[in-house]
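The values are calculated or read from the model by the stated rules, or taken from the named source; none is laboratory data. Just so you know, these numbers come straight off a predicted model, no measurement behind them. Here the Cβ positions follow ideal geometry from the backbone for every residue, glycine too, while neighbour counts run over all protein chains shown. Side chains are part of the model used for accessible areas, which takes the heavy atoms of the whole protein and leaves out ligands, DNA and RNA. Shrake-Rupley method; radii C 1.70, N 1.55, O 1.52, S 1.80 Å.
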Amino acid sequence: MAPSNGLDTLGAVAAADLSRLNTFGLRARAACLVKVRSVADVRAAIATPQWSTGRRLVLGGGSNLVFTGDFDGTVLKVEIPGRRLLRVDDEGWTIEAGGGECWHDFVRWTLDQGWPGLENLSLIPGTVGAAPIQNIGAYGLELADRFESLDAVDLDTGALRMFDLAACGFGYRDSVFKRNPGRWLVSTVRFRLPRPWQPLTRYADLALELAARGCSAPEARAVSDAVIAVRRRKLPDPAEIGNAGSFFKNPVVDAERCARLLAAHPGMPHYPQASGQEKLAAGWLIEQAGWKGRSLGPVGSYSHQALVLVNHGGATGGDVQRLAQAIMADVEARFGVCLEPEPVFV
Ligand code: EPU
């Protein structure tokens, strides 16, 4: 059904079901859903009165979201297509993709073209446009390491602005876009893939997988295949079991606190940071707190990776919040470490 307002020419849907549009599979409806395939579509959508007065949400692949209830505003679902090589020189390749492209298909396409550099980020769910929002990262590489610039529409004015690396304010699973929800819609992202290509295979799980495959000097596609195998083994496929990837960030603590924890728990994984602080493994803390593979109602911690919360069927955002709070309370009581959820709550 089309809503009776200025959005109907864009094929807007009223009372739209969002449960298939979030990888957690949480039940929720949006007052209005508009699929945008171009910057012109975005501008038309935000020119309507209900956009300027109501609540707003930009949706990519819905892979980093927890709906805590119905959404009584307008959802813009980004479906902007396109991918092309912009430039190639001795130092690398510059590639551009539309915000609505599927991230993993884009990564595999770059590898098929012979442009290596994104292989460690294979099989991450979501879209190209959502990737910079939380600065996706895996197996020793972050999006920021391969980023050149992006274009985003200012959702207050409709103006298109170019953001370079510095303007994005990237941090660990963080960016200026994540800190200002509803302000920007990422329409196009440009990547810089440096030459000569060098494999990044130091991450323990990846190194083990490549060794098991007998790959001592892997090509980029072999690294991608190994990443895919590790992810399939450890992480649940959202098409089969609802989840939003890592549910908590890995906490960063000062060196002194880390030393105190290590005295009590000598086997605790910890990773020194450039800042002198130490990053802890939230999955390990959750497992030690007894939550790995355990459920509370329809939501549980995944049996192969405690950091991922999964929807065993029919869960609501409230169920997810109850389990998240229980885990956070137990980890805090046991280790004095406060976990911070990673997905965006809507
Ligand atoms: N660990 C446990 N028990 C668990 C899970 C992990 O003891 O249930 C231990 C592991 O043995 C290892 C350490 O914790 O010593 C780290 O585990 P892992 O290598 O699986 O990585 P992670 O820190 O749990 C992070 C990212 C993932 C990314 C992987 C690989 C965050 C929040 N998560 O997980 O990203 O795929 O590293 O690089 O930084 C995501 O963001 O959605 C995501 C999946």
Exercise. What value does region 113-222 have for Rg/Rh, both radii from Cα atoms and Rh as Kirkwood defines it?
Worked result: 1.04
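What Kirkwood hydrodynamic radius, in Å, does the chain give when the mean of 1/r is taken over all pairs of distinct Cα atoms and then inverted? Present the calculation step by step, with values, prior to reporting the outcome.
Values: mean 1/r = 0.0470 Å⁻¹.
Evaluated on the chain, it is 21.3 Å.
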Seminar exercise, completed: Result for the chain: accessible area per residue, probe 1.4 angstrom, in square angstrom, of 44 Å²
Exercise. For the chain, what % of the accessible area comes from carbon and sulfur atoms, probe 1.4 Å?
Worked result: 49 percent
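Can you list which of the GluC sites (Glu not before Pro) found in region 237-346 are DSSP loop residues with at most 16 other C-beta atoms within 10 Å? Please report the intermediate quantities before stating the final value.
Details: sites: 240, 256, 278, 287, 332; in loops: 240.
Listed in order of number, the matching sites are 240.
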For this session: Compute the Rg/Rh shape ratio of region 161-248: radius of gyration over Kirkwood radius, all on alpha-carbon atoms.
Result: 1.05
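When the helices in the chain are scored as -39500 (n - 2.57) per DSSP H run of 4 or longer and the sum is shared across all residues, what 222 nm value do you end up with, to the nearest 500 deg cm²/dmol? Before the final figure, lay out each step's value.
Values: 10 runs with 92 residues, N = 346.
Calculated from helices alone, the mean residue ellipticity at 222 nm is -7500 deg cm²/dmol.
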For this session: At most 15 other Cβ atoms within 10 Å and a DSSP loop assignment: could you name the chymotrypsin sites (Phe, Trp or Tyr not before Pro) in region 103-180 that fit?
Result: 172
Exercise. What is the distance in Å between the Cα centres of region 296-343 and region 90-115?
Worked result: 34 Å
Exercise. How many nm is it between the label spots at residue 211 and residue 273, if each spot is 7 Å from the Cα in line with the beta carbon?
Worked result: 2.9 nm
Exercise. Aspartates and glutamates near residue 35 by alpha-carbon distance under 16 Å, same-chain residues fewer than 8 away left out - which ones?
Worked result: 8, 17, 79, 101
Problem set entry | Bins of 5 Å, starting at 0 and running to the largest distance - Cα pair percent for region 265-346 | 3, 14, 25, 24, 17, 9, 5, 2, 0
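Among the listed pairs 234/292; 178/234; 249/279; 77/234, which are separated by more than 18 Å between their Cα atoms?
Among 234/292; 178/234; 249/279; 77/234, the Cα-Cα distance tops 18 Å for 178/234; 77/234.
Please give the per residue volume of the convex hull enclosing the alpha carbon atoms of region 1-72, rounded to a whole number of Å³. Can you show the working numbers first?
On the way: hull volume 6.3 nm³, N = 72.
Output value, Cα hull per residue: 88 Å³.
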For this session: Specify the inter-centroid distance of region 50-83 and region 257-275, based on alpha-carbon positions, in whole Å.
Result: 39 Å
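To the nearest 20 debye, what charge dipole does the chain have about its Cα centre, counting +1 at the Cβ of each Lys and Arg and -1 at the Cβ of each Asp and Glu? Show your work: numbers first, answer last.
On the way: 37 positive and 37 negative charges, 78 e Å.
Charge dipole of the chain: 380 debye, to the nearest 20.
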Problem set entry | Electrostatic dipole magnitude of region 81-140 [Cβ: Lys, Arg +1; Asp, Glu -1; Cα centre; debye, to 20] | 200 debye
Exercise. Volume per residue, Å³, of the convex hull around the alpha-carbon atoms of region 190-344?
Worked result: 159 Å³
Problem set entry | Distance (nanometres) between label positions extended 7 Å along Cα→Cβ at residue 294 and residue 156 | 4.6 nm
